[in-house]
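Everything on this sheet refers to the single structure shown next.
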Amino acid sequence: MIKIILQFLVLTAIFSGIAGAQVINAPSNLEAEPEEFSYIKVKWDDNSNNEQGFYIERSYTGDTSVAWETIGSAGQNADRFLDYWVTNNVRYYYRVYAYAGNLRSDYSNIADTIAIIDTANIPLAPSNLILTDSTPTSITIEWQDNSDNELGFIIARREEGQMLFQYIDTVGLDILTYQEVGLTPDNVYYYKVCSYNTFGLSDFTNTVAGRTAKSTNIVSQNVKIPEGYFLGDNFPNPFNPSTNIKFSITEKSFVKLVIYNSSGKEVDRLLNQSLLAGTYQLKWNAENQTSGVYFYRIETENFSAIKKMILIK
């Protein structure tokens with residue numbers, strides 16, 4: 001009986017310790033203030049010793065019933081975040097929480113401030129971001145330029161389910177459109193754009209969402225398991241404007257099939273998905289490409305091959 005009681009006390013202590021370890025204390029004393037005419041400094045007190053980091057959210061209103069955007073993260077034991085993507089004379093509201101894996105703390109208090117930005121040197125934010133085209137593997141966006149002193153634009157993108165935007169590319173002065181290729185068919189992507197120069201960064205545009213079209217490249221499929229991996233010659237070759245590509249895989253695999261031009265630049269991605277074992281035939285339509293030599297490459301975990309084809313218009 002004593003042994004059972006001791007085991008019970010030990011288990012109770014263990015589970016109490018586990019339960020206690022699950023609590024992450026919320027940050028507090030959140031403050032926000034403009035700094036150096038180029039950014040807003042957000043700072044807080046770190047009240048936890050078991051967090052992996054912090055997420056910073058921002059809104060144009062203090063209303064917690066509306067959506068707040070996650071604009072950045074800070075590492076373990078951090079106590080500040082610098083928000084460079086702001087517009088002069090705009091009031092911003094901030095809140096912060098700590099996280100560890102799938103666990104998170106409560107929010108901090110809400111802090112707000114009005115951005116004071118050097119409009120003489122830092123470029124104005126672009127606006128009116130819109131989606132202009134979508135294919136199974138690409139999305140095209142364009143925006144309005146509101147400044148005359150930018151050096152270029154930064155394109156930020158996140159996928160559905162991701163917390164933060166990633167800065168995926170830049171374009172030069174007065175370029176107001178961008179196409180991202182190599183995307184996954186039937187997937188949602190979010191985009192926003194800011195301008196920059198040597199003095200700093202503008203705020204971002206509005207955010208737009210676009211879904212890539214479902215893949216229609218597979219024109220035939222034979223699920224009979226082939227004897228080996230195979231990448232066939234495209235046919236016809238030379239071609240104008242479309243050609244067929246056949247390949248075989250001997251087991252379920254994640255397959256990438258990418259088209260490159262003669263400079264080695266990726267121009268299209270016909271496949272980026274998991275397929276069952278079998279033989280497949282794809283069609284590539286090169287209507288929007290120029291005449292020349294192209295290469296197509298297949299890649300799986302256990303097989304890769306590359307072949308050449310010629311487009312003549």
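Some notes on this structure:
- Criterion violated by Phe37 - all others in (1) modelled with pLDDT under 95; (2) exposed (fewer than 15 other Cβ atoms within 10 Å of the Cβ) satisfied: (2)
- Flag for Ile24 being in contact with a Leu (Cβ under 7 Å, 6 or more places away or on another chain), modelled with pLDDT of 50 or more, of a type in the set (Val, Ile, Thr) and more than 30 Å from Ile122 (Cβ to Cβ): yes
- Search result, residues across the stretch 221-232 that are surrounded by fewer than 16 Cβ atoms within 10 Å (Cβ to Cβ) and assigned to a strand (DSSP E or B): Gln221, Asn222, Phe230
- Among the residues of the stretch 187-234, those identified as among the small types (Gly, Ala, Ser) and more than 21 Å from Ser253 (Cβ to Cβ) are Ser195, Gly200, Ser202, Ala209, Gly210, Ala213.
Each row is one residue, and each column tells you yes or no for (1) acidic (Asp, Glu); (2) closer than 12 Å to Gln281 by Cβ; (3) at pLDDT below 85.
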residue: Lys214; (1), (2), (3): no, no, yes
residue: Gln221; (1), (2), (3): no, yes, yes
residue: Glu227; (1), (2), (3): yes, no, no
residue: Asp233; (1), (2), (3): yes, no, no
residue: Phe239; (1), (2), (3): no, no, no
residue: Asn244; (1), (2), (3): no, yes, no
residue: Phe247; (1), (2), (3): no, yes, no
residue: Thr250; (1), (2), (3): no, no, no
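- For the residues Tyr60, Tyr99, Tyr84, Tyr92, the requirement of being of a type in the set (Ser, Thr, Tyr), outside the structural domain of Asn206 (by TED's automatic domain parsing) and more than 18 Å from Cys194 (Cβ to Cβ) singles out Tyr99.
- Verdict on Ile154 being buried (at least 18 other Cβ atoms within 10 Å of the Cβ) and at negative phi: yes
- Counting residues in the stretch 146-154 that are under 30 Å from Val96 (Cβ atoms) and touching a strand residue (DSSP E or B) at 6+ places or on another chain (Cβ under 8 Å) gives one or more.
- Residues located in the stretch 247-258, provided they are buried (at least 17 other Cβ atoms within 10 Å of the Cβ) and within 20 Å of Asn234 (Cα to Cα): Phe247, Ser248, Ile249, Val255, Leu257, Val258
- Selection from the stretch 297-310 of residues that are within 15 Å of Leu270 (Cβ to Cβ) and surrounded by 15 or more Cβ atoms within 10 Å (Cβ to Cβ): Arg297, Ile298, Glu299, Thr300, Lys307, Met309
- Residue in the stretch 83-93 that is more than 24 Å from Val188 (Cα to Cα) and of a type in the set (Lys, Arg) present: yes
- The stretch 101-144, residues that are in contact with a Leu (Cβ under 6 Å, 6 or more places away or on another chain) and not in a strand (DSSP E or B): Ser108, Asn109, Thr137
- Matching option when the condition is closer than 26 Å to Phe37 by Cβ and aromatic (Phe, Trp, Tyr), among Tyr94, Tyr99: Tyr94
Residue-wise test of (1) outside the structural domain of Val181 (by TED's automatic domain parsing); (2) exposed (fewer than 12 other Cβ atoms within 10 Å of the Cβ); (3) closer than 27 Å to Arg158 by Cα.
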residue	(1), (2), (3)
Ser195	no, no, yes
Asp203	no, no, yes
Asn234	yes, no, no
Ser242	yes, no, no
Tyr260	yes, no, yes
Lys265	yes, yes, yes
Leu270	yes, no, yes
Trp284	yes, no, no
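- Meets criteria (of a type in the set (S, T, N, Q), farther than 15 Å from Lys313 by Cβ and assigned to a loop (DSSP other than H, G, I, E, B)) for Ser274: no
The values are calculated or read from the model by the stated rules, or taken from the named source; none is laboratory data. Remember, predicted model here, so these are calculated numbers, not experimental data. A quick note on method: Cβ atoms are made from the backbone with ideal geometry, for glycine too, and the neighbour counts reach across all protein chains shown.
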